[in-house]
Every structure is written in C-alpha cells, then in structure tokens.
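Undergrad: Have a look at this one.
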Amino acid sequence: MKKVIIMLLSVGVLVAFQKVEDKKVYICSSVASTKYHFKKNCRGLSQCKTTIKESTEKKVRRYGRMLCKWEKKALKKK
C-alpha cells in the first residue's frame with residue numbers, strides 16, 4: 001500500500017512540474033500591428049502587407065498584443 005501511495009505522489013509531482021507548451025500564434029510583423037491570431041489564414045491577417053511570423057501567445061502578450069476580434073468571435077461561438 002505504501003508503494004502505491006509513493007508512486008502516485010511521485011507521478012503527481014512530475015506532472016505538476018511538467019512545462020506546459022505555449023500556444024503558437026501568428027502576427028503581422030508590421031510596426032503598426034497590435035493583434036495576434038491563432039490561425040495563419042485568419043481574416044484579420046489577410047490585410048498584412050509585410051511578413052507573417054510565428055510566435056507564442058505568452059511572448060506576444062508580453063509585448064502588448066491583443067487577440068484579433070475575428071478570433072474572439074470564433075471562441076465565443078464554441
């Protein structure tokens with residue numbers, strides 16, 4: 001019984017310290033761009049005249065980017 005409890009606690013600790021992968025997002029590399037997108041073919045990104053770059057949600061939010069309004073609408077529908 002002790003072995004089972006120790007094993008379960010060990011697994012719990014390992015899972016708790018496992019690094020969660022941050023979501024990949026897309027941004028327009030324009031200086032004026034302020035939004036990020038979950039899909040590379042998002043309607044909001046279709047107006048981007050410069051390159052589209054891939055990043056992580058955590059990183060782009062740190063720089064003050066907000067979620068695209070089209071992506072927000074799609075999330076609300078789910």
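Undergrad: Cβ-Cβ below 8 Å, separation at least six or inter-chain, first residue in the stretch 60-78 and without any contact (Cβ under 8 Å) to a residue 60 or more places away in the chain, second of a type in the set (Val, Ile, Thr): which pairs?
TA: Cβ pairs passing all conditions: Val60/Val25; Val60/Ile27; Gly64/Thr34; Arg65/Ile27; Arg65/Thr34; Met66/Thr34.
Undergrad: Mind checking which residues of the stretch 42-78 are outside any helix (DSSP H, G or I) and either small (Gly, Ala, Ser) or over 13 Å from the mean Cα position of the chain (by Cα) (or both)?
TA: Cys42, Cys48, Lys49, Thr50, Thr51, Ile52, Lys53, Ser55, Tyr63, Gly64, Lys78
Undergrad: Among the numbered criteria (1) modelled with pLDDT under 95; (2) in contact with a strand residue (DSSP E or B) (Cβ under 8 Å, 6 or more places away or on another chain); (3) not small (Gly, Ala, Ser), which one does Cys28 miss?
TA: Going through the list (1) modelled with pLDDT under 95; (2) in contact with a strand residue (DSSP E or B) (Cβ under 8 Å, 6 or more places away or on another chain); (3) not small (Gly, Ala, Ser), Cys28 breaks only (1).
The values are calculated or read from the model by the stated rules, or taken from the named source; none is laboratory data. The model shown is predicted, which means the values in this text are computed figures rather than measured ones. With ideal geometry, Cβ positions are generated from the backbone for all residues, glycine too; neighbour counts draw on all protein chains shown.
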